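The values are calculated or read from the model by the stated rules, or taken from the named source; none is laboratory data. Everything numeric in this text was worked out from a predicted model, so none of it was measured. Positions of Cβ are generated from backbone atoms using ideal geometry, with glycine treated the same way; all protein chains shown enter the neighbour counts.
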Amino acid sequence: MPESKLGLLQGTLDVMVLQTLAAMGPQHGYGIARRIEQVSGDEILLNQGTIYASLVRLQQRGWIRAKWGASENKRKARFYSITPKGRVRLGQDVAYWRRLAGVMGRVLASRVQENGNA
Amino acid sequence: MREFLARLLAAFHRSRREQDLDTEIAAHVQMAIDDLVSRGVDPREARRLALAKFGGVEAAREQHREARGIPWADRLAQDLRYALRTMRREPAFTVFAVAIAALGIAAATTVFSVLSTLLLRPLPFSQPDRLVWVANAPPEDGLSAQTLQVFRFLSFRNRNHSFADMAAYFAFYEAGDSTLNWNGRMERLNALPVSQNFFPLLGVKPEIGRGFNNQECQWNGPKAALLSHGLWVRRFASDPHLVGRTIPLDNSPVTVVGVLPASFDFGAVFAPGIQMDLYVPFPLTGETDHWGNTLAVVGRLKPGITSQSAQAEAAVLGQLITREPHRGNDITPQLTPLKQHVSGRLRPALLTLAFAVVAVMLIVCANLSNLLLVRGAARQKEFAIRSALGAGRARLVRQVLTESLLLALFAAAVGTCLAWLGTRALAGLTAFNIPLLTSVRLDGTALAFTIALAVFSGVVFGLAPALHVPRGDVGEALKEQGRAATDSPHHGLLRSVLVVAEIAFASVLLVGTGLLIRSFLRVLDVNLGFQPARAAAMRIDMPSQFLRENMTKTAVARRDAYFNDVLGRVRSLPGTEAAGIIDSLPLGRNRTWGIAAHGMTYKPNEYPEAFVHVVSDGYIPAAGIRIIEGRDFTERDTTETEPAIVINETVARHLWHGEEALGRQVDAGPFKTPCRVVGIVSDVRHLALEQGSGSEMYFTLRQVHDLPSIYLVLRSRLDTAALTSSVRHTLLPLDPEMPREQFESLEQLVDRSVSPRRFIVYLLAGFAAFALILASLGIYAVISYSVGQRKQEIGIRMALGASPGALQNGILGETLRLAAIGLAVGAFVSAASTQLIQGLLYGVRPEDPVTFLGVVALMLAVAALAGYLPARRASLTDPMIALRAE
């Protein structure tokens, strides 16, 4: 049911990547993509390719760093890990998303009630 | 900041980043496959799934680049690389496109440089916008009428409240007025007498030495001269110690008080075509006042005074001064801003050139646009593939624009070189009587203009092709890939419109040029009143011993003997048909004196005047002036006999209204008794070819001794070079110090006077030819492209029995239809706009049918030729091959 998958909001992928790295430690691009898909229960419409744009963006901002290494199957891959700056940023982002989700929930809930009363 | 630096670095380390990314993506896909295979999926299916999951590889790359780099710098670099590759792949197209755009840009930049020098750039003086030219009459009226008398000028200068200061120079100078005897070589120099404050008023300071002091500006004061930079370098080896020393000028020692800077070029501003060598003081005294109107005047307005308000004051003050009892000529000052005086006359011509060059540039753009459109159609498939790989439409449009801009910038580079050559060539054209032309050069403004023009034209000619980039409908475009290229009817229409526009612009240009060429021919065809062919002139001033202020009887006899000797020797040279002497040549300096029918009285404002020529016997036949009635002067018309005068037809008509003029008496010239009309000659165009003759009178130099300069005029079978050496050889015994001079043919003289007109006509003709070629190329490109597109259709029609002739006619008809529409539009625009150049026309009406019909015929012929080639090729098509070609 690809139609029912969630499109990604601008900026959400960056937060997911940071969170994944914070939770799982160093990971390669494929690993991060798989992890996000698994955690989201395959509810997110993720072109795995887009993850690399996110990775380079985070790197340039100094929130993650990358190192070449070998994967479990001995394939050469880049491993990304979160930096202290990245952790600070993640903290801010998590707080922001929590607030936003809360507000969104309240706003939407009140609309449903109004509709119900009408 | 850090991010910006990282991005900037990324733009430079592009290829390594790109490789890293590729490795990463490959690893990613491989790991996905491994995962799937380990879950029991078939390896081939696993690969498909993995790639699908990944999304577009190209899109991922593009996103990565965008996230990584400074997007515009990165994309620009990529677009440029891509554009360069495309250009390299089609070198013929690139060279052709760059060449025509470069020619257009070069033409535009060159014309812009001329325009900016003549019209935009301020004159090379301090605060030039406050300088005003003060004339006594409009420029059509001859120098005597235009100039001011010394005391009138002084009185005006002292009493007006508009001018901070006013200066003057002696307007009746002639090339070669001074002779310098230096290092054993005699040379005739151009010297200009100026008022003491002339250079200070303009804000020109001597680069070494000083200006003239009060004593030097007195009558018979100590002789002094300011040298031009050019003369100082050329004859005195830039010797700084020359200042303060004397040089032998006109056989007397003259102190060099200073040298003017190289930046000051009198000729370029005030007298195009003449190179002033030195400047001497002109005393503003009673003696010079007696000479009558002599001064050309420049004034500097006080701050805050406009030229209009100054004019109002000048008109009143002029009347006031004229009515005063002091004897003198009328003063009716007419003020013109100096800049306008210098280049105003050329303004319409220059604006015409500017319009022409704009038209040329538009044709160039239309042409390139068309070429790019054709190419764009052929590249439709390439675009489709690129957009299938994830390139957005905006990206493709940007790509097309980048290519056209790159083409335009290359063209600008080449065009700038061409324009540099062009402006240098123009600046070197000393034979043209155009002010400031020598100072035309490519400057920063012109370069800025070129770059702006290149960017503008790049966008203009790239826009149509860019907007024709396929709109995302990838499948559609790819499906049609079997046909060589897809072409919508909309596409073809746009190209036809462009061609029609080209033809229209070109025909407007051709009509304008045609009218000016016909005017030019009319001017050359004018009855000059003299015959320049086989006639030549050379300046030969008298040896110094004959120059006396007061002519005693013996002095006059000696002078007459000298002239007899000169003329006798020259006439005996082989090849000489006629020889004579005159004080100033036609189309050169002029002066007017009064002339009245004896016994008549005239109102003060209506006293007749005529141009004065002091000549020897033989001048009239030597110049080829027709004697209508009576006779030429002879050696026997001397101070001992009755004063004789020869008049032209205009004077005869004007004074006696058609009654017999020969033998009548007139009051004219410096005589105490009336003079007798001994001959009537044809009118001579003395001021300009385009200007009617006006009144003219001739005196013999044996009776009138006021000869400011002496020209020997010969009618001979020899060419000027041979003439120079044989005449010099003959005359050297009479004047051992005769400076080296060259004979100039009267044809050259006429040529120089039409040079501004010729300058415009040549440039316009060049532009028009270029436009015609471009328009015909445009027609050719469109027709041959549409023929190529319809190859199959043509094949089918031929297979069904259409004759090659009918096909050929069909295609030719299509071509001529385009041409006819273009011509109709062009003719309409021409008819509306030729009124604007009416001032430049001579003897041709703006709606001249010959020109219009000529342009129509030429354009149709060119269009037919351009259409014939592809039509012929189409008619030779083998239907089988055409049908098979898929």
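Tell me, please, whether a residue that is touching a Ser or Thr at 6+ places or on another chain (Cβ under 9 Å) and over 19 Å from B:Ser507 (Cα atoms) can be found in region B:848-868.
yes
Of the residues that sit in region A:34-48 and are over 14 Å from B:Leu49 (Cβ atoms) and buried (at least 16 other Cβ atoms within 10 Å of the Cβ), which one is nearest to the other protein chains (Cβ to nearest Cβ)?
In this case the residue turns out to be A:Leu46.
Residues of region B:286-322 being assigned to a loop (DSSP other than H, G, I, E, B) and touching a residue at least 24 places away in the same chain (Cβ under 8 Å), which ones?
B:Trp291, B:Gly292, B:Lys302, B:Pro303, B:Ile305
Being surrounded by fewer than 15 Cβ atoms within 10 Å (Cβ to Cβ), more than 30 Å from B:Leu763 (Cβ to Cβ) and of a type in the set (Ser, Thr, Tyr) narrows it down to one of B:Ser307, B:Ser252, so name that one.
Step by step, each of B:Ser307, B:Ser252 is checked, and only B:Ser252 is surrounded by fewer than 15 Cβ atoms within 10 Å (Cβ to Cβ), more than 30 Å from B:Leu763 (Cβ to Cβ) and of a type in the set (Ser, Thr, Tyr).
If only one of A:Arg61, A:Arg65, A:Arg57, A:Arg75 is basic (Lys, Arg), farther than 20 Å from B:Asp35 by Cα, free of Cβ contacts under 8 Å to residues at least 40 places away in the same chain and within 7 Å of another protein chain (Cβ to nearest Cβ), which one is it?
A:Arg61
Inspect all residues belonging to region A:80-89 and state whether any of them is touching a residue at least 12 places away in the same chain (Cβ under 8 Å), surrounded by fewer than 15 Cβ atoms within 10 Å (Cβ to Cβ) and within 20 Å of A:Val15 (Cβ to Cβ).
So far as region A:80-89 goes, yes, one or more of its residues are touching a residue at least 12 places away in the same chain (Cβ under 8 Å), surrounded by fewer than 15 Cβ atoms within 10 Å (Cβ to Cβ) and within 20 Å of A:Val15 (Cβ to Cβ).
Given the residues A:Tyr80, A:Tyr30, A:Tyr52, which is the only one that is closer than 23 Å to B:Leu51 by Cβ, within 13 Å of chain B (Cβ to nearest Cβ) and modelled with pLDDT of 90 or more?
A:Tyr80 is the lone residue from the list that is closer than 23 Å to B:Leu51 by Cβ, within 13 Å of chain B (Cβ to nearest Cβ) and modelled with pLDDT of 90 or more.
Just the residues that are out of contact with any Asp or Glu (no Cβ under 9 Å at 6 or more places or on another chain) and of a type in the set (Ser, Thr, Tyr), please, taken from region B:711-741.
Those that are out of contact with any Asp or Glu (no Cβ under 9 Å at 6 or more places or on another chain) and of a type in the set (Ser, Thr, Tyr): B:Ser725, B:Ser726, B:Thr730.
Which condition from (1) surrounded by fewer than 16 Cβ atoms within 10 Å (Cβ to Cβ); (2) over 23 Å from B:Ala175 (Cα atoms) is the one that B:Pro543 breaks?
(2)
Quick grid of which residues meet (1) farther than 13 Å from B:Leu516 by Cα; (2) in contact with a helix residue (DSSP H, G or I) (Cβ under 7 Å, 6 or more places away or on another chain); (3) modelled with pLDDT under 85:
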| residue | (1), (2), (3) |
| --- | --- |
| B:Ile837 | no, yes, yes |
| B:Thr851 | no, yes, no |
| B:Ala866 | yes, yes, no |
| B:Ser875 | yes, yes, yes |
| B:Pro879 | yes, yes, yes |
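Quick one: in region B:412-459, which of the residues that are touching a Gly at 6+ places or on another chain (Cβ under 8 Å) and among the small types (Gly, Ala, Ser) is nearest to B:Arg752 (Cα to Cα)?
Among those residues, the one meeting the criterion is B:Ala431.
Inspect all residues belonging to region B:33-45 and state whether any of them is modelled with pLDDT of 75 or more, surrounded by 14 or more Cβ atoms within 10 Å (Cβ to Cβ), in contact with a strand residue (DSSP E or B) (Cβ under 9 Å, 6 or more places away or on another chain) and within 11 Å of chain A (Cβ to nearest Cβ).
For region B:33-45, residues modelled with pLDDT of 75 or more, surrounded by 14 or more Cβ atoms within 10 Å (Cβ to Cβ), in contact with a strand residue (DSSP E or B) (Cβ under 9 Å, 6 or more places away or on another chain) and within 11 Å of chain A (Cβ to nearest Cβ): absent.
Which of the following residues is surrounded by 23 or more Cβ atoms within 10 Å (Cβ to Cβ), in the same structural domain as B:Gln215 (by TED's automatic domain parsing) and either in contact (Cβ under 8 Å) with a residue 40 or more places away in the chain or of a type in the set (A, V, I, L, M) (or both): B:Val150, B:Val132?
B:Val150
Of all residues in region A:84-97, which are over 14 Å from the mean Cα position of the chain (by Cα) and either within 13 Å of chain B (Cβ to nearest Cβ) or charged (D, E, K, R) (or both)?
Across region A:84-97, the qualifying residue is only A:Lys85.
I'd like to check something: does region B:683-693 contain any residue that is crowded, with 22+ Cβ neighbours inside 10 Å and among the aliphatic types (A, V, I, L, M)?
yes
Quick one: which of B:Asp637, B:Asp719, B:Asp706 is touching a residue at least 60 places away in the same chain (Cβ under 8 Å) and surrounded by fewer than 17 Cβ atoms within 10 Å (Cβ to Cβ)?
Result: B:Asp706 is the single residue among B:Asp637, B:Asp719, B:Asp706 that is touching a residue at least 60 places away in the same chain (Cβ under 8 Å) and surrounded by fewer than 17 Cβ atoms within 10 Å (Cβ to Cβ).
Does B:Lys302 satisfy the condition of being surrounded by 20 or more Cβ atoms within 10 Å (Cβ to Cβ) and charged (D, E, K, R)?
So B:Lys302 fails the test.
Quick one: is B:Leu401 among the hydrophobic types (A, V, I, L, M, F, W, C) and touching a Gly at 6+ places or on another chain (Cβ under 6 Å)?
Yes: the conditions hold for B:Leu401.
In region B:738-760, what residues are of a type in the set (Val, Ile, Thr) and outside any helix (DSSP H, G or I)?
Result: B:Val754, single match.
The conditions are (1) within 12 Å of another protein chain (Cβ to nearest Cβ); (2) closer than 30 Å to B:Ile385 by Cβ; (3) modelled with pLDDT of 85 or more, and B:Ala60 fails exactly one of them. Which is it?
It fails just one condition, (3).
Looking only at strands (runs of 3 or more DSSP E) that lie completely in region B:622-730, which have at least 3 residues being closer than 30 Å to B:Leu573 by Cβ?
Filter on region B:622-730 gives B:627-630, B:644-648, B:675-681, B:696-700, B:711-716.
Report those strands (runs of 3 or more DSSP E) wholly inside region B:199-270 carrying at least 3 residues which are over 21 Å from B:Phe125 (Cα atoms).
Passing ranges, in order: B:246-249, B:252-259.
Out of curiosity, is B:Pro283 surrounded by fewer than 22 Cβ atoms within 10 Å (Cβ to Cβ), touching a Cys at 6+ places or on another chain (Cβ under 9 Å), assigned to a loop (DSSP other than H, G, I, E, B) and at negative phi?
Taking the combined requirement at face value, the residue satisfies it.
Any idea which of B:Gly822, B:Gly813, B:Gly801, B:Gly788 is out of contact with any Leu (no Cβ under 7 Å at 6 or more places or on another chain), at pLDDT 90 or above and either part of a helix (DSSP H, G or I) or of a type outside the set (S, T, N, Q) (or both)?
Sole residue among the options that is out of contact with any Leu (no Cβ under 7 Å at 6 or more places or on another chain), at pLDDT 90 or above and either part of a helix (DSSP H, G or I) or of a type outside the set (S, T, N, Q) (or both): B:Gly822.
Here are some residues: B:Phe112, B:Phe156, B:Phe172. Which one is assigned to a loop (DSSP other than H, G, I, E, B) and buried (at least 20 other Cβ atoms within 10 Å of the Cβ)?
B:Phe172
Which of the residues that make up region B:81-101 are under 33 Å from the mean Cα position of the chain (by Cα) and either surrounded by 15 or more Cβ atoms within 10 Å (Cβ to Cβ) or among the small types (Gly, Ala, Ser) (or both)?
Once the filter is applied, which keeps residues that are under 33 Å from the mean Cα position of the chain (by Cα) and either surrounded by 15 or more Cβ atoms within 10 Å (Cβ to Cβ) or among the small types (Gly, Ala, Ser) (or both), region B:81-101 yields B:Phe93, B:Thr94, B:Phe96, B:Ala97, B:Val98, B:Ala99, B:Ile100, B:Ala101.
Only one residue in B:Ser144, B:Ser155, B:Ser113 is hydroxyl-bearing (Ser, Thr, Tyr) and touching a strand residue (DSSP E or B) at 6+ places or on another chain (Cβ under 9 Å), so which one is that?
B:Ser144
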